[in-house]
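Comments concern the structure below.
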Amino acid sequence: MTTGGTYLVRRIALPLFAQTVLMVLAGFVLTHPPLHLWRPGENAVTDRLAASRLPVLDTVTGWFSTAASTAAVVAVVSVAVLALLVETHGRRWREAAFLGGAVAAQAAVFLLAALCVERPRPTAVRLDAAPPSSSFPSGHVGAAVALYGGIAVLAVLWVRGPLRFPLAVLAGAVPVVVAVSRLYRGMHHPTDVLAGLVNGGAALWIMWRAFRPGPGPAEGPAPGRPSRAGRAVVVFNPVLTDAPTLARIDRVLADSGWQAPTRTPTSVQDPGRGAAAGAAEAGAALVVACGGDGTVTACAHALAGTDTALAVVPCGTGNLLARNLGLPSDPVRALATALRGGPRRIDLALADGDGITTTVVSAMAGIGLDAATVAGTSRGAKRRFGWPAYLPPLLRHLRDRRMRLTVTLDDAPPVHRRAAMAVIGNVGALQGGIRLLPEARPDDGVLDLVLVHPRGVTGWPGAALRLVTGRVGSRAGGGPDSSGPDGGAAPFEHFRARRITLTADRDQPRELDGESLPAGRTLRLAVRPAALLVYAPAAPGPDGIGSQPIDSEPVPTGRGR
């Protein structure tokens, strides 16, 4: 079987087969309950609705029932698919395949499930002619979800301006109104309607994963912005980035006015630094880093202090810099959003320590528990489970003995603390929007430090609750937010400085931007203000990055001020 055929089987055929089996099983459970645990009837709901009918509701529900009929759905989806293909000369075939495929997929599942289940319709007087098919699942509702739900998704991606979200909301509301209409008109039981919603939604999800439509044309060059016509190099991690994603990245670059990019894969020996440095030396205007935090950091190191800009395409597990720049998690949407925003300068940090060659940090560095968690999480687990893969090693290390730390901030006298972990950040947000460093911004010219020191294992639930609810505390001006030799009663303590040195009493695990390092006692970071030119959204992100692009003059390559 060809690669394309394998992809279709894995992404479409197998999920649709599983969906059909589950739908049939659900129908059997409803119509033939095991051990006769309930009576397979829901006529009371449709009977009450039939007793409350009004002429105006009869008319309105008739409109929506017709809008989801087979003839209407076929007509609308045909026009929509043809419009997508003709208007863009076939370049938006993915959007057409997504919409048309979702409607066709839900129809196939509906027909097979209805053929197997054969559920009779409600006893209420029906306002529509009943087709010779089972009441389970609702074909009208499934078709409405696939068609109008798909149109809502495309409206979010394609429409720009004040009508974008109203159109998406109106299209998304149609399936709900259709579902109510089918109940009101006595055509289906409530569980039939629910099954139709699930059937249509599952078909949309399967087709989204298979074709994943790209952003609309307005997410290319912003109105009034000249074509960049610059040379771009795509540096990608071949383990995390597949061929369809790379093809869509090429398309976004072309739509945004960039020349056809050169692709360079990373390797174990070169995670991206050499490729990005070569691109900058050859005069490339843009390096697109497709991978995890390691790829992004390697490219940032090479581009620091140059005129070559970086665009971050998140394909890894953490994607810390991308999250803190306000980029979407979808790789292609992230690139389109970044290019539309324009270039701006952000800080980097130079890190070193015993056994650490001076390197760049773009997001966060740590010593203690977080580094032990990173070291204990395999790459295979991260690829398979995502960020939840970090939880088992995190729980294993919660009982680790706290370290004694000497903290030196700029030229101030050192302070001494006991902590489970220490994190130095150029940015402040973790996965799930958790703000570990509430005041950290990637363009403020300083670094932020948090010491985490809950009292014993029983103190961790309280610390976790404060993290989730955003009550981690902060203090401006570089001082701690609590006092005492052990950091006081609060589980978090914050500092700010341009240079931060952490010295532990014994060897500790360490990490830089999610990459594990050999254990050691020292971790030093110094800010390098405005060192990297990076494409980011025009609107302020979670760290409040300014909304206007700033000058792109090169920054000296020396150590941060």
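Data for the structure
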| quantity | calculated |
| --- | --- |
| In region 299-318, the residues that are touching a residue at least 60 places away in the same chain (Cβ under 8 Å) and either under 19 Å from ALA351 (Cα atoms) or of a type outside the set (A, V, I, L, M) (or both) | CYS299, ALA300, LEU303, ALA304, GLY305, THR306, ASP307, THR308, CYS315, GLY316, THR317, GLY318 |
| Exclusive hit being free of Cβ contacts under 8 Å to residues at least 60 places away in the same chain, over 18 Å from ALA114 (Cβ atoms) and either not hydroxyl-bearing (Ser, Thr, Tyr) or not in a helix (DSSP H, G or I) (or both), set ALA171, ALA179 | ALA171 |
| Filtered residues of region 387-428 (kept if within 20 Å of SER362 (Cα to Cα), touching a Gly at 6+ places or on another chain (Cβ under 9 Å) and hydrophobic (A, V, I, L, M, F, W, C)) | TRP387, LEU409, MET421, ALA422, VAL423, ILE424 |
| Among the residues listed as ALA107, ALA102, the single one being closer than 15 Å to ALA80 by Cβ and either among the acidic types (Asp, Glu) or in the same structural domain as TRP208 (by TED's automatic domain parsing) (or both) | ALA102 |
| Filtered residue count, region 335-394, keeping only those that are under 15 Å from SER516 (Cβ atoms), small (Gly, Ala, Ser) and part of a strand (DSSP E or B) | 5 |
| Residue that is of a type outside the set (Ser, Thr, Tyr), over 24 Å from the mean Cα position of the chain (by Cα) and in the same structural domain as VAL233 (by TED's automatic domain parsing), where the choices are ASP330, ASP307 | ASP307 |
| Residues being assigned to a loop (DSSP other than H, G, I, E, B), at pLDDT 90 or above and at negative phi - total across region 407-436 | 7 |
| Any hit, region 306-315, residues being touching a helix residue (DSSP H, G or I) at 6+ places or on another chain (Cβ under 9 Å), of a type in the set (S, T, N, Q) and more than 26 Å from TYR390 (Cα to Cα) | yes |
| Single unsatisfied condition, ALA155 versus (1) closer than 29 Å to ARG48 by Cα; (2) of a type in the set (Gly, Ala, Ser); (3) not in a loop (DSSP other than H, G, I, E, B) | (1) |
| Verdict on THR297 being outside the structural domain of ARG499 (by TED's automatic domain parsing), among the hydroxyl-bearing types (Ser, Thr, Tyr), in a loop (DSSP other than H, G, I, E, B) and touching a Ser or Thr at 6+ places or on another chain (Cβ under 9 Å) | no |
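Condition check ((1) within 24 Å of LEU16 (Cβ to Cβ); (2) modelled with pLDDT under 90) across all residues:
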{"residue": "ALA102", "(1), (2)": "yes, no"}
{"residue": "LEU115", "(1), (2)": "yes, no"}
{"residue": "ARG126", "(1), (2)": "no, no"}
{"residue": "ALA130", "(1), (2)": "no, yes"}
{"residue": "SER134", "(1), (2)": "yes, yes"}
{"residue": "SER138", "(1), (2)": "yes, no"}
{"residue": "GLY142", "(1), (2)": "yes, no"}
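Listed here are the residues, each with its yes/no results for (1) under 18 Å from ARG340 (Cα atoms); (2) touching a helix residue (DSSP H, G or I) at 6+ places or on another chain (Cβ under 8 Å); (3) among the β-branched types (Val, Ile, Thr).
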{"position": "ALA254", "(1), (2), (3)": "yes, no, no"}
{"position": "ALA277", "(1), (2), (3)": "no, yes, no"}
{"position": "GLY283", "(1), (2), (3)": "no, no, no"}
{"position": "VAL288", "(1), (2), (3)": "yes, yes, yes"}
{"position": "VAL296", "(1), (2), (3)": "no, yes, yes"}
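The values are calculated or read from the model by the stated rules, or taken from the named source; none is laboratory data. All of these numbers come straight from a predicted model, not from anything done at the bench. FYI the Cβ positions are ideal-geometry reconstructions off the backbone, even for glycines, and counts take in every protein chain you see.
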